[in-house]
Amino acid sequence: MSRMMEAMIRRAKRVKFLKRAYQSAIQPYVQSHISEITPFTPRESGNTSRRINLLVPSINQIHLFGGISTAIQFYNQVLYHFDETKRRIITTDAAPEEHDLISFSEYKVTSPDQDPDLDFQLVPFNDRYNKTIPVGPHDIFIVTSWWTAYFAQRIVQWQSNFYNQEPNKIIYFIQDYEPGFYAWSSQYALADSTYRYLGPQVAVFNSSLLRDYFVNQGYTFKQSYCFEPRLNNLLKSKLIANNETEKKKKILIYGRPSVSRNAFPLIMEALRVWVWKCPNASEWEVISAGEQHEDIGIGNGVIVKSKGKMTLDEYAEELKTSSIGISLMISPHPSYPPLEMAHFGMNVITNNYANKDLSKYHSNIVSLDDISPENIAEKLTDLCIQSPSKPSQREISHFTSLYLGNSSQFDFLRELVNDFK
């Protein structure tokens with residue numbers, strides 16, 4: 001820095017308003033709020049009927065896949081087992097547009113400042129600062145993320161105090177270990193706290209693997225249930241005709257740069273090692289699916305081509321024709337892409353985590369303890385050398401029978417619902 005510039009800064013610091021401007025320009029912004037827990041304030045409702053509420057971040061089409069889609073399927077199945085029950089979906093993070101409501105045609109969109117007597121209600125409550133929402137004595141809440149659980153746990157306490165009743169049970173639909181979405185932090189602690197709630201809370205886990213992880217971590221719930229992954233019905237219909245599809249020299253990676261637990265940079269570093277290690281790497285096409293990003297050159301003339309978020313038909317075509325898959329998930333949840341890839345006859349590289357080892361679920365899966373770039377590249381090279389031209393046909397395991405089965409995924413619902421009657 002020049003002497004003249006240093007002198008100007010010293011002079012600016014001596015002038016009061018310039019000093020404030022200088023400090024605001026160079027001092028770091030202090031984050032003193034936790035945006036996820038903007039107060040969710042209840043008020044008295046005239047509704048005294050039982051109403052099943054789904055607290056979900058969004059129902060917008062752009063978000064309506066994976067975890068949110070599974071949560072809505074679960075909610076609809078729960079409602080099927082309740083008789084003469086009102087239903088209300090409350091979105092906590094995003095308000096739906098008109099095109100987002102096509103799949104929710106039975107629901108009437110209402111404002112949180114209203115308290116209508118409707119059987120089907122959809123209430124956007126993302127813009128809730130200084131606002132309240134009506135809660136009756138028999139409102140039951142199904143929660144789908146740590147912050148929706150945080151809200152419901154406090155609503156139920158208010159409900160108990162205001163209506164002078166025992167706290168209602170909460171159904172906590174748990175699809176991953178959410179503290180792991182954050183570095184050790186305020187959000188980490190709050191997510192963890194929702195699993196330690198002392199009130200009546202029923203846990204529903206997406207997979208026995210995830211349930212067992214929670215048990216191993218010492219979490220306890222009043223009751224708990226779990227369900228196992230199922231192959232999407234459209235993908236299943238494509239799988240039936242898959243047996244004779246010719247496999248190409250194509251590697252399909254699950255590429256989501258914005259989701260840390262899917263370890264996109266680690267996959268890319270592994271590919272940069274592989275491209276010089278594998279003797280015929282230049283003969284292979286590498287496709288990235290899951291989230292749009294720029295095409296990336298990895299050396300030796302090989303480019304990772306991004307196809308982003310594909311339709312199910314497009315995705316099924318990639319599964320049919322790709323020989324090898326790489327899909328990482330640094331969490332105890334099994335993750336769907338490795339299972340989909342394996343059942344479409346692809347050889348798949350994924351990772352172990354705690355009690356998770358997907359190689360026990362399908363013999364087309366290689367599940368690694370060491371996911372260093374060098375180790376992934378070595379396994380990928382081995383698979384490229386031995387890769388078949390036809391889909392890999394392996395024995396049908398008990399898990400595969402369930403994964404491809406047609407029985408109810410939530411076969412515990414009658415027992416769960418009976419606890420609320």
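The values are calculated or read from the model by the stated rules, or taken from the named source; none is laboratory data. Quick caveat, the model's predicted, so the values are computed rather than measured. Note that each Cβ is placed from the backbone with ideal geometry, even for glycine, and that neighbours are counted across all protein chains shown. Accessible surface is based on the protein model in full, side chains and every heavy atom, while ligands, DNA and RNA are left aside. Shrake-Rupley method; radii C 1.70, N 1.55, O 1.52, S 1.80 Å.
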message: Per residue, how much accessible surface does the range 150-190 expose to a 1.4 Å probe? Answer in Å², no decimals.
response: 48 Å²
query: Near D369, within a Cβ-to-Cβ distance under 15 Å, what is the net charge of the other residues, with Lys and Arg +1 and Asp and Glu -1?
result: -1
- line: Per the 1/(1 + (r/R0)^6) rule, R0 = 25 Å and r from the Cβ atoms of S186 and N126, FRET efficiency to 0.05 is 0.75
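Hey, what did the chain get for relative contact order, percent, Cα under 8 Å, at least 6 apart?
Across the chain, relative contact order equals 13 percent.
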query: Roughly what % antiparallel, to the nearest 5, for the DSSP beta bridges in the chain?
result: 5 percent
query: Roughly how much of D313 is accessible, in Å² to the nearest 10, using a 1.4 Å probe?
result: 80 Å²
Using a Förster distance of 45 Å, the FRET efficiency for I385-S49 (Cβ separation, nearest 0.05): 0.10
query: For the chain, list the DSSP H helices whose alpha carbon atoms reach 18 Å or more along the long axis and whose average Kyte-Doolittle value is -1.0 or above?
result: 66-81, 146-162, 264-277, 373-386
- request: Note down the magnitude of the dipole of the chain about its Cα centre, charges +1 on Lys and Arg C-beta and -1 on Asp and Glu C-beta and zero elsewhere, to the nearest 20 debye.
  value: 1560 debye
statement: Counting only protein heavy atoms with a 1.4 Å probe and every protein chain in place, the carbon and sulfur fraction of the accessible surface of the chain in whole percent equals 50 percent
- prompt: Under a Cβ-Cβ cut-off of 14 Å, what is the net charge of the residues other than D411 that fall near it, where Lys and Arg count +1 and Asp and Glu count -1?
  reply: 0
statement: Dipole check, the range 194-344, charges on Cβ (K,R +1; D,E -1), about Cα centroid: among Q201, L231, N280 the Cα furthest to the positive pole belongs to Q201
task: Could you tell me which of T144, T91, W158 has its Cα farthest along the dipole of the range 54-195 towards the positive end, charges placed at Cβ (Lys, Arg +1; Asp, Glu -1), taken about the Cα centre?
output: W158
message: On a 1.4 Å probe surface of the protein chains, which of H99, H81 comes out largest in accessible area, and what is the full order?
response: H99, H81
Efficiency of FRET from Cβ geometry, S237 and S32, R₀ 60 Å, rounded to 0.05: 0.70
